[in-house]
Amino acid sequence: MFRQVNKLATLNRLPTCSQNLYFYRNYSTGCGKVSGIFNFEEKSVSPSSTLPDLNINNININNSNSLNNTINDNKKNILSLSKDDLIKECQELHMTPFNANQIWNWVYNKNKMSIDSFSNISLEKRNALKEKFYIDFGTISKDSLSVDGTRKFLLEFKGGDKVECVFIPEANRGTLCVSSQVGCTFSCSFCHTGTQKLVRNLTSDEIVAQVLATRMILGDTQPNKKRLLTHIVFMGQGEPLYNYRNVSKAIQKLTDGNGISLGKSKITLSTSGVVPLIDKLSKDHPGVGLAISLHASNDKTRDELVPCNKQWNIEELMNSCIQYSKTNRDRITIEYVMLKDVNDSIEDAYKLAQLIKPFPSFVNLIPFNQWPGTKYVCSSNNAIHRFSDVLQKQGIKVTIRQPRGRDILAACGTLKSDSVKKPKTVPPPL
């Protein structure tokens with residue numbers, strides 16, 4: 001038995017101290033499966049009502065929200081097509097480029113997941129589309145809510161691989177931290193994701209699906225209303241530049257004016273320092289923000305924290321940043337995790353200032369977020385502020401990141417899914 005649910009979720013603004021946080025209120029039942037757009041398979045579970053007060057423990061919503069239509073291996077997911085590919089496919093169905101743009105707008109701008117909802121396309125053409133295509137945003141198999149309003153989604157794709165993405169609401173903006181790989185190419189010693197070996201690169205449609213699925217769950221699907229999700233950072237699982245081709249395609253879709261239509265300045269890509277591709281990023285996507293996961297002021301420490309430093313050391317990375325800044329006006333974000341007795345000395349702060357003075361930048365100091373099994377400890381508040389003071393006296397702009405989602409392992413450096421690389425099967429000899 002199915003019933004229609006008008007919205008999966010709504011967001012309430014609850015004032016806390018000096019800002020408003022968006023908090024999730026679930027009006028559906030605690031478990032079930034969403035197929036198509038809002039078809040909800042009812043279970044014998046009483047519906048939840050309102051959220052508790054701000055001192056609540058984190059909430060895990062373990063229902064599986066399948067944000068897809070019936071998948072047929074003989075059909076193509078519309079999300080897998082570039083706009084040019086979609087135009088060609090439409091022409092094969094005797095449809096015009098104008099029709100292709102209509103479809104693109106329905107999927108990416110209006111977040112529609114059912115071809116039947118393309119109301120400005122004739123029934124005959126919709127039926128032809130359904131014979132060849134489906135729309136799949138993946139399945140949200142877990143939805144966790146932090147006491148600070150941060151939400152973490154575990155998104156599962158066809159084949160069973162899973163990644164996490166995190167929505168961070170603030171008073172005047174909402175940022176989605178997206179993943180680019182299942183696991184990670186690099187095994188940065190301070191990062192929880194680094195303990196998960198690389199399974200595979202995400203496709204461009206799987207990267208974009210994180211945005212579309214989040215908007216669907218948030219009810220952020222009305223293009224004529226102020227959007228809740230306004231910024232995207234490639235700071236989730238994986239090294240984006242080691243999946244450059246798919247990340248680049250995803251950025252093209254995210255910034256398309258007839259679709260998701262995010263300004264390039266609203267997108268930031270964070271890299272551990274894949275030097276050869278930093279220049280390519282600046283040429284292919286000028287205006288997209290660049291963040292460098294530096295985390296150390298000398299090669300000896302960085303070799304331990306960020307293994308790719310052994311291939312592209314700090315000098316090469318800083319030279320790459322200098323070249324990048326010649327064609328991009330925006331400051332480069334220097335990310336620096338604060339680890340007690342590892343990289344938080346006054347000497348480290350002076351060395352860091354000298355490294356980054358040659359190009360426009362600002363430093364984002366990140367209090368280390370604990371995760372199970374880590375050997376590191378976060379620097380004290382006093383040590384972090386001393387470090388910040390040294391940088392500021394050297395003329396460096398500094399921010400100290402406010403940890404978000406710590407209680408649900410959604411904070412910086414704590415994302416990890418349980419996907420593992422499947423061994424290749426060898427057919428038995430004949």
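Please treat every number below as a calculation from the coordinates, not as lab data. Everything numeric here is computed off the predicted structure, so don't read it as measured data. All Cβ positions, glycine included, derive from the backbone under ideal geometry; neighbour counts span all protein chains shown.
Points to keep in mind about this one:
- Computed from the Cβ-Cβ distance with R0 of 25 Å, the FRET efficiency linking LYS226 to THR399 stands at 0.50.
- Taking all Cα pairs closer than 8 Å and separated by 6 or more residues, the relative contact order of the stretch 116-166 comes to 23 percent.
- Pairs spanning more than 26 Å between alpha-carbon atoms, out of LYS88/LYS152; LYS197/LYS375; LYS197/LYS253: LYS88/LYS152; LYS197/LYS253.
- Normalised by the number of residues in the stretch 76-134, the mean separation of alpha-carbon contacts (under 8 Å, six or more apart) gives a relative contact order of 37 percent.
- With only Cα atoms counted, the stretch 76-134 has Rg and Dmax values of 9.9, 25 Å.
- Looking at the stretch 232-312, none of the chymotrypsin sites (Phe, Trp or Tyr not before Pro) sits in a DSSP loop with at most 10 other Cβ atoms within 10 Å of its own Cβ.
- Cβ-based exposure ranking for ARG386, ARG215, ARG329, in which fewest neighbours within 10 Å come first: ARG329, ARG386, ARG215
- Working from Cα pairs under 8 Å separated by at least six residues, relative contact order for the stretch 142-408 is 16 percent.
- The label-point distance for ASP116 and SER187, in a model that sets each label 7 Å from Cα toward Cβ, rounds to 5.0 nm.
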